[in-house]
Amino acid sequence: MSNFKILTCASYYGTGSSAFTDYVSEFSNIYSFTNEEFRFVQDPDGISDLEYNLVDNFNRHNSGHALKRFKRLVDLNCGNIFGRKYEKFFHGNWKKYSYEYINKLTDFKYNGWWQYDLIDRGEFFYFRKRILNKILKTTIWRNKPDRCLNTMKKEITYCSHPTEEYFLDCTKTYIDDLFSSVSQGYNTVMVDQIVPPTNLKRYLRYFNDIKVCVVDRDPRDIFLLDKYEWKDGVIPSDVELFCKWYKYTRSHRKTESFADDRLKFIQFEDLIYNYDRVTKEIDLWLNLDESLHKDKFKHFNPSVSINNTQTWKRIKYKKGEVEYIEKELAEYLYPFERQNVEN
């Protein structure tokens, strides 16, 4: 699968990264893999955490347990009768290829357990088993201080300690096999949010061929849209806490660089106010053929998306909120006034 390429966008929440996804999806030679976010590489217990526990910080307990937690994440992402999640997109291949990946990373396994196998079942399960063990030690086993009740005889312990090279080879093959199995013959697939905008030097190692577009947005619009329209409760609705959160989530850009041909940083507003210039940059970066842009404006239309910019002109907000953001986050504000004059 050496010629198989993955494109993805990375977002900080509410930054409009889907604009990039939608634009790229308008090309006839790119397979757009739905609007679902496939976050199993970056999420807790995902591939990055797995590498840390298996390779970077091997431990006889943590490493095997990390594989089981990844397996649990795989099972969760399969979905169930209430929502099928990933499996409906991979047509049965999600669990198949994920379990094959787990097996390749497992050196051996045996019937055994440790305390976090109990804890993972919940507090009630943990304390019930521990209390039973204590009762036995104070009664029939009182003369056997080292005796311990085997409470999970069917539990499986995984043992794994791969080299970095082997882990990365397995991971690259796993990801390529997974997405190529449903790419309908396309060599390039657009996958949403498979990596975060932070620590990308680490995440790029998991792919044979990937290009990542990081998208950011004017903080005023993010704050107002989330607080007064989306009302998701994901980010702070208090303006002072929001500004702290915004700086906190972008702080990595003070030390991390996007100076890698696999990475590109785009301002959401530029895709709207400077559509021709920015899309030409994207086409050049991805080596896209303009003649294959068959569905122009079908998925991303700047004349529609412009309604979600400068929202403080239409949304009624609490006095002082926008002014506070403009003061605290001045370096992140988009120069709308200049763009309005130029356009």
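Is it the case, given these coordinates, that ASP261 is more than 19 Å from TYR12 (Cα to Cα), open to solvent by 50 Å² or more (accessible area, probe 1.4 Å) and at pLDDT 95 or above? For ASP261, the condition - more than 19 Å from TYR12 (Cα to Cα), open to solvent by 50 Å² or more (accessible area, probe 1.4 Å) and at pLDDT 95 or above - is met. Restricting attention to region 286-306, the residues that are within 19 Å of ILE6 (Cα to Cα) and in a loop (DSSP other than H, G, I, E, B) total 4. Once region 151-173 is narrowed to residues that are over 12 Å from LYS104 (Cα atoms) and among the charged types (D, E, K, R), the residue that is modelled with the lowest pLDDT is LYS153. Looking only at region 207-237, residues that are open to solvent by less than 20 Å² (accessible area, probe 1.4 Å), out of contact with any Leu (no Cβ under 7 Å at 6 or more places or on another chain) and more than 21 Å from TYR334 (Cβ to Cβ) come to 1 in all.
Residues in region 69-103 that are farther than 22 Å from VAL191 by Cβ and open to solvent by less than 100 Å² (accessible area, probe 1.4 Å): ARG69, ASN80, ASN103. Contact map, region 128-156: first residue in a loop (DSSP other than H, G, I, E, B), second residue modelled with pLDDT of 70 or more, Cβ cut-off under 6 Å, separation 6 or more or different chains; pairs are ARG147/TRP141; LEU149/LEU136; MET152/TRP113; MET152/ASP117; GLU155/TRP113; GLU155/ASP117. The condition (being open to solvent by 70 Å² or more (accessible area, probe 1.4 Å), of a type in the set (Asp, Glu), over 22 Å from TYR23 (Cβ atoms) and modelled with pLDDT of 95 or more) is satisfied by just one residue among GLU323, GLU337, GLU328: GLU323. If the condition is being within 20 Å of GLU323 (Cα to Cα), open to solvent by 10 Å² or more (accessible area, probe 1.4 Å) and in contact (Cβ under 8 Å) with a residue 12 or more places away in the chain, then region 238-255 contributes VAL239, GLU240, LYS247. Looking only at region 18-30, residues that are closer than 21 Å to TYR246 by Cα and open to solvent by 10 Å² or more (accessible area, probe 1.4 Å) come to 1 in all.
For region 161-201, the candidate set comprises residues that are of a type in the set (A, V, I, L, M, F, W, C) and outside any helix (DSSP H, G or I); within that set, the residue that is surrounded by the fewest Cβ atoms within 10 Å (Cβ to Cβ) is VAL182. Please find, within region 1-17, the residue that is farthest from THR311 (Cα to Cα) out of those that are among the polar types (S, T, N, Q) and open to solvent by less than 20 Å² (accessible area, probe 1.4 Å). Taking the candidates together, the pick is THR8. Scanning region 299-320 for residues that are buried (at least 18 other Cβ atoms within 10 Å of the Cβ), out of contact with any Gly (no Cβ under 9 Å at 6 or more places or on another chain) and farther than 19 Å from TYR246 by Cα turns up PHE300, PRO302.
The values are calculated or read from the model by the stated rules, or taken from the named source; none is laboratory data. No experiment lies behind these values; they were computed from the predicted model shown. Because the Cβ atoms are built from the backbone with ideal geometry, glycine has one as well, and the counts that use them run over all protein chains shown. Please note that ligands, DNA and RNA were not included when accessible areas were found on the heavy atoms of the full protein model with its side chains. Shrake-Rupley method; radii C 1.70, N 1.55, O 1.52, S 1.80 Å.
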